[in-house]
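A.B. asks: Questions regarding the structure given below will be posed in turn.
The values are calculated or read from the model by the stated rules, or taken from the named source; none is laboratory data. All of these numbers come straight from a predicted model, not from anything done at the bench. Using ideal geometry, Cβ is built from the backbone for each residue, glycine included, and neighbour counts are taken over all protein chains shown. Each accessible area value is taken on the protein alone, full model and side chains, heavy atoms only, with ligands, DNA and RNA left out. Shrake-Rupley method; radii C 1.70, N 1.55, O 1.52, S 1.80 Å.
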Amino acid sequence: MRLAPMTAQHLGLVLGIENAAYEFPWSHGNFIDSLAAGHIAQVLCDPRGELLGYLVALPGYQEMHLLNLTVAPAAQGLGHARGMLAWLVARCAEQGAQQLWLEVRESNARALRVYRHFGFASIGTRKGYYPAPLGRREDAVVMGLPIGAEAAASTAPERPDALD
Ligand SMILES: CC(C)(COP(=O)(O)OP(=O)(O)OC[C@H]1O[C@@H](n2cnc3c(N)ncnc32)[C@H](O)[C@@H]1OP(=O)(O)O)[C@@H](O)C(=O)NCCC(=O)NCCS
């Protein structure tokens, strides 16, 4: 599997996955804004070039904020999220980021489990952070992962060949 920088040319396929994966997906404009702002944005492709997933992250001063991590429904459960997280942890270490942050819906049990197994800890909630059906709002769980040589080693994917 291969990660490559996301470009505007990828957005048709990215939005297809985004719309399939979320009830409240990012819009085309959200992705365009992220690319224009210079966020870290990568697509994950299989050896035939088929797009399997992507991530978007916002670098900050000594920290990184994961804004979007998505794997195509047909490609989930194969370690791709862990592979992309491991790549982002390495990028954090390169850039001197000491913490990787993210928000996740409190109802998103699958993502919560993946993040916890990867080493993230819950550090709080943001009340009503996400839109929810019938005009309601849903709380976000805020999670953090300390970055460093030891943290990177302990969170490396079990299959280090998941990304080449
Ligand atoms: C949440 C999400 C990103 C997880 O992606 P994923 O690629 O399915 O996650 P992974 O495959 O890396 O991990 C899932 C499980 O597969 C297991 N796994 C890892 N490597 C594996 C492999 N080689 N073969 C089989 N299973 C494997 C992992 O152990 C993990 O199990 P665990 O959670 O019990 O530890 C994905 O479900 C998704 O895109 N969901 C919709 C969008 C979303 O909710 N995004 C997160 C928003 S915060």
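A.B. asks: Looking only at the stretch 80-105, count every residue that is within 11 Å of the ligand (Cβ to nearest atom) and assigned to a strand (DSSP E or B) and tell me the total.
C.D. replies: Here the count works out to 4.
A.B. asks: Given Gly144, Gly128, Gly119, which one is modelled with pLDDT of 95 or more and more than 18 Å from the chain's Cα centre (by Cα)?
C.D. replies: After ruling out the rest, the residue left standing is Gly128.
A.B. asks: Those residues that are within 10 Å of the ligand (Cβ to nearest atom) and either in contact with a His (Cβ under 8 Å, 6 or more places away or on another chain) or open to solvent by 20 Å² or more (accessible area, probe 1.4 Å) (or both), I need them from the stretch 68-79; list them, please.
C.D. replies: Leu69, Val71, Pro73, Gln76, Gly77, Leu78, Gly79
A.B. asks: Continuing with the same structure: Arg110 is checked against (1) farther than 17 Å from Gln42 by Cα; (2) buried (at least 18 other Cβ atoms within 10 Å of the Cβ); (3) not β-branched (Val, Ile, Thr) and fails just one. What number does that condition carry?
C.D. replies: All conditions are met except number (2).
Yes/no per residue for (1) among the polar types (S, T, N, Q); (2) in contact with a Lys or Arg (Cβ under 6 Å, 6 or more places away or on another chain); (3) in contact (Cβ under 8 Å) with a residue 12 or more places away in the chain; (4) open to solvent by less than 30 Å² (accessible area, probe 1.4 Å):
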site: Gly16; (1), (2), (3), (4): no, no, no, no
site: Glu23; (1), (2), (3), (4): no, no, yes, no
site: Gln42; (1), (2), (3), (4): yes, no, yes, yes
site: Asp46; (1), (2), (3), (4): no, no, yes, yes
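A.B. asks: Return the total of residues in the stretch 4-14 being open to solvent by less than 30 Å² (accessible area, probe 1.4 Å) and in contact (Cβ under 8 Å) with a residue 40 or more places away in the chain.
C.D. replies: Result for the stretch 4-14: 2.
A.B. asks: Okay, moving on. Evaluate the following for Leu51: is it touching a helix residue (DSSP H, G or I) at 6+ places or on another chain (Cβ under 6 Å) and more than 12 Å from the ligand (Cβ to nearest atom)?
C.D. replies: yes
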